[in-house]
Structure formats: C-alpha cells, structure tokens
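The values are calculated or read from the model by the stated rules, or taken from the named source; none is laboratory data. Bear in mind that the values here come from a model prediction, so they are computed numbers and not experimental data. Neighbour counts are summed over all protein chains in view; Cβ atoms, including those assigned to glycine, are modelled from backbone coordinates with ideal geometry.
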Amino acid sequence: MKLTKYTIERKYPVSADRLWAGFTDPDLLKQWIWGPGARDVQVERQLHLNGTFNISMDAGDTRWGMRGMYLVIEPGRKLIHTLHWDADVGYNGEGMNPLDEVIVVNIAPDGNGSSIEYIHMGIPDDGQSAPEHERSVRVTLDLLEKVITS
C-alpha cells in the first residue's frame, strides 16, 4: 500500500507556549481535538518520551478514539507522536490493515504570535483520504485557535 502525507502551516495570535499547551494540556485538548459538537471527550496522557495518550469521545452507540505514543517532546517547539484510530476513518474498517500514522507539530515564535507546521504522515494514498483528513484537521485547527485565544 502506498502512503502519503499532508502539511498545514498557519499562524496563531498567541505565544509558542500557549500554542504548545493547546496540543498538550488535557483540558484544552478536550475542547477542540474532536471538532465542534464533540460529546464527552476524555483525555488520558502521559506526556513524556514513550508515554502514551488515549483521546475518546461519545459517538452515540460507541466511543471513537485515537491513541498513540509520544516520540519527540520539545516543550514549546516540537511534538511528534504516533496515531492509531479507534474510530472509522474510512480506511481502517474490518478486513483492512492500516499502519499507525505519525503526526509532527513544529511550533515557532512568529512576530507577535506563533506558527505551526502540522505534518500528518502515513495516510493511504487513495486520492481521497489525505484531502479529507486535511479538510477535517483545518476545521479543528480553527477551533484550536478559538480555544487558546479565549
């Protein structure tokens, strides 16, 4: 199976430390990570090298989740983790054998705020999964901005 990635770059009107908190603080993650309308979001995480996270939400008759392991942690600068979906994302259904994905978040001071380079790697290159993921992540990154600027 051929894999692909996408990259999102954007600026935020907050410090690099505040942006970092948006990606690592459980109370902030609960407010944006699953997007608008998410219900009963639960976050468990051990923010240290090789520590794990598990983030889930109420999806009606079941819980959807995402989990992974932290590979690189440079506070205020860089976060790299694996990503395994315990939710239907279209290419991980019954009979499929998806690999865990990798997320890289690079954070840098930028003028009066900060910027990120968000890289999502390991998505099947089927012509639709990566663009759909990117569209969805852009929506949640908009929500992240609302959360960290309020």
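Might you let me know whether the stretch 62-78 holds any residue that is touching a residue at least 40 places away in the same chain (Cβ under 8 Å), buried (at least 17 other Cβ atoms within 10 Å of the Cβ) and either on the phi > 0 side of the Ramachandran plot or out of contact with any strand residue (DSSP E or B) (no Cβ under 6 Å at 6 or more places or on another chain) (or both)? Steps first, please.
So in the stretch 62-78, the residues touching a residue at least 40 places away in the same chain (Cβ under 8 Å) come out as 75-77.
The next check asks that each one be buried (at least 17 other Cβ atoms within 10 Å of the Cβ); those that pass are 76.
If we keep only those that are either on the phi > 0 side of the Ramachandran plot or out of contact with any strand residue (DSSP E or B) (no Cβ under 6 Å at 6 or more places or on another chain) (or both) as well, we get 76.
Yes; the residues of the stretch 62-78 include at least one that is touching a residue at least 40 places away in the same chain (Cβ under 8 Å), buried (at least 17 other Cβ atoms within 10 Å of the Cβ) and either on the phi > 0 side of the Ramachandran plot or out of contact with any strand residue (DSSP E or B) (no Cβ under 6 Å at 6 or more places or on another chain) (or both).
Right, residue 104: at pLDDT below 95, surrounded by 15 or more Cβ atoms within 10 Å (Cβ to Cβ) and among the aliphatic types (A, V, I, L, M) or not? Step through it out loud before you land on a result.
Working: at pLDDT below 95: no; surrounded by 15 or more Cβ atoms within 10 Å (Cβ to Cβ): yes; among the aliphatic types (A, V, I, L, M): yes.
No: the conditions fail for residue 104.
Just checking, how many residues over the stretch 111-127 are at pLDDT below 95 and of a type in the set (Gly, Ala, Ser)? Walk me through it before giving the result.
Start the filter on the stretch 111-127 by keeping residues that are at pLDDT below 95, which leaves 111-112, 122-127.
Going one step further and asking which of them are of a type in the set (Gly, Ala, Ser), we end up with 111, 122, 127.
Looking only at that region, the number is 3.
Could you please give the count of residues in the stretch 44-59 that are β-branched (Val, Ile, Thr) and surrounded by fewer than 16 Cβ atoms within 10 Å (Cβ to Cβ)? Spell out the reasoning first.
First, the residues of the stretch 44-59 that are β-branched (Val, Ile, Thr): 52, 55.
In the following step, the residues that additionally are surrounded by fewer than 16 Cβ atoms within 10 Å (Cβ to Cβ) were identified as 52.
Within the stretch 44-59, residues that are β-branched (Val, Ile, Thr) and surrounded by fewer than 16 Cβ atoms within 10 Å (Cβ to Cβ) number 1.
Collect the residues in the stretch 1-27 that are under 16 Å from residue 137 (Cα atoms) and either surrounded by 13 or more Cβ atoms within 10 Å (Cβ to Cβ) or modelled with pLDDT under 95 (or both), keeping them in residue-number order.
Selection gives 4, 5, 6, 8, 10, 11, 12, 19, 22, 23.
Is there a residue being touching a Gly at 6+ places or on another chain (Cβ under 9 Å), on the phi < 0 side of the Ramachandran plot, touching a residue at least 24 places away in the same chain (Cβ under 8 Å) and not polar (S, T, N, Q) anywhere in the stretch 85-94? Talk me through it step by step, then tell me what you get.
Filtering the stretch 85-94 down to residues touching a Gly at 6+ places or on another chain (Cβ under 9 Å) leaves 85-87.
Still in the running and on the phi < 0 side of the Ramachandran plot: 85-87.
Among the residues that remain, those that are also touching a residue at least 24 places away in the same chain (Cβ under 8 Å) are: 86-87.
This time we only want the ones that are not polar (S, T, N, Q), so: 86-87.
Yes - at least one qualifying residue is present in the stretch 85-94.
Within the stretch 34-150, considering only strands (runs of 3 or more DSSP E) that don't extend past its boundaries, which have at least 2 residues that are among the β-branched types (Val, Ile, Thr) and within 25 Å of residue 9 (Cβ to Cβ)?
Values: elements: 39-45, 52-58, 63-74, 78-86, 101-110, 113-124.
Correct list: 63-74, 78-86, 101-110, 113-124.
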